[in-house]
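Visitor: Sending over a structure as structure tokens; questions will come in a sec.
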Amino acid sequence: MEFKDLAGISKPLTKLLSVVASGTGKVFHASLKRKTADAAAYEIKTIAAAVSDCQGQDALVSYKDGKVSIKPTPPNKAMALDTNIVERASSRVEFQETKRQHNIESVVQYAADSMDEEQVSNEELDEDWVSRFFRTAEDISSEHMQYLWGKILAGEVTHPGTYSLRTLETLKNITQKESLLFSKVAKYAFTFNSLSFLLQPDKGQLLSSVGVTFADILLLRDIGLLSAVDGVHFEMCLLGHEETSEVEIGTDRLKIFRPANSPFQSIKIVAFTELGSELLKLVDKKPVEDMYIEIFASHFRNEGTTIHKGKFSKLDDGSTHFKSEKDLTTTPE
């Protein structure tokens, strides 16, 4: 499906608004609050039909000044005397729905703020995913969690299939405290191809000076973001040819060159689960202490091997250039 530009709105935001409309029935503008005349007319016709259908049942339904009034037919005289219960129920529903609408609009605003001008896929989002997302997002009140849900929506709109339904279900049950813990620990995640991991937290490899404890690891295992399997290794095998590997850590990349026939080398790790790896995409990258990176590099120093820490940048011709900022090949003095 081609998502055309709407009144000067960028393509990413145009697609976001289309997804929001399909998930909530509302049409948002750049302010995320505008309704078109057609949408308003459709709303009035729908409400009128619903009011007509309800008449003659066990409720008296009316629509006036943009509000729906529902008054149940009193089953007995005692209920008829308590007219205030209808008003209290109406007020409660109005309060809950207003709060839910505010939550959705906050999440959508965070999503809009997270989107940029990168290429947006024309692939449509899964309808079940959209429905599940907004059913959950309407009950997210914490600003921190709204920010995370907004980034999920932005990522899914840009590249459908980025976040699974299992991820939505897991995140729904995560508390703000657990989310903040995950963000803290995720700072120290290494990523190699599709594998994301932490250094095994024994023998001082995850030091208290970086703020990560073994109790933190256990909690993230309990909620399914870190693998509970022990004895996992990150390995560099014996190869008959030279090889250059790239490992991402925080805002940096490690470029590891190994000559042909380099010996097998490995390090014990704690791997992120598939769900944990998906949530890693939500965490803003931050610089990581050299000490932590040095621990990793120390396990792969070998004759002929070179290890450099630096950053990649895109060139005008579309290629990438690695700029080394520190040589980790030898043990620091």
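Visitor: Do we have any residue at all in segment 257-264 that's under 19 Å from D327 (Cα atoms) and either assigned to a loop (DSSP other than H, G, I, E, B) or free of Cβ contacts under 8 Å to residues at least 40 places away in the same chain (or both)?
Guide: Checked segment 257-264: at least one residue is under 19 Å from D327 (Cα atoms) and either assigned to a loop (DSSP other than H, G, I, E, B) or free of Cβ contacts under 8 Å to residues at least 40 places away in the same chain (or both).
Listed here are the residues, each with its yes/no results for (1) free of Cβ contacts under 8 Å to residues at least 60 places away in the same chain; (2) among the aliphatic types (A, V, I, L, M); (3) assigned to a helix (DSSP H, G or I).
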{"position": "V247", "(1), (2), (3)": "yes, yes, no"}
{"position": "K268", "(1), (2), (3)": "no, no, no"}
{"position": "L279", "(1), (2), (3)": "no, yes, yes"}
{"position": "L282", "(1), (2), (3)": "no, yes, no"}
{"position": "Y292", "(1), (2), (3)": "no, no, yes"}
{"position": "I295", "(1), (2), (3)": "no, yes, yes"}
{"position": "N302", "(1), (2), (3)": "yes, no, no"}
{"position": "T330", "(1), (2), (3)": "yes, no, no"}
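Visitor: Look through segment 314-333, keep the residues that are modelled with pLDDT under 80 and among the hydroxyl-bearing types (S, T, Y), and return whichever of them is nearest to A297 (Cα to Cα).
Guide: This residue is T331.
Visitor: Go through segment 140-199 residue by residue and tally those that are of a type in the set (A, V, I, L, M), part of a helix (DSSP H, G or I) and more than 29 Å from F296 (Cα to Cα).
Guide: Of the residues in that region, 9 qualify.
Visitor: Considering only segment 159-182, how many residues are more than 14 Å from W129 (Cα to Cα), touching a residue at least 60 places away in the same chain (Cβ under 8 Å) and surrounded by fewer than 16 Cβ atoms within 10 Å (Cβ to Cβ)?
Guide: 0
Visitor: Please go through segment 133-158 and give me each residue that is free of Cβ contacts under 8 Å to residues at least 60 places away in the same chain and not charged (D, E, K, R), ordered by number.
Guide: Scanning segment 133-158 gives T136, A137, I140, S141, S142, H144, M145, Q146, Y147, W149, G150.
The values are calculated or read from the model by the stated rules, or taken from the named source; none is laboratory data. Computed from a predicted structure; not experimentally measured. As a convention, Cβ positions derive from the backbone with ideal geometry for all residues, glycine included, and neighbour counts pool all protein chains shown.
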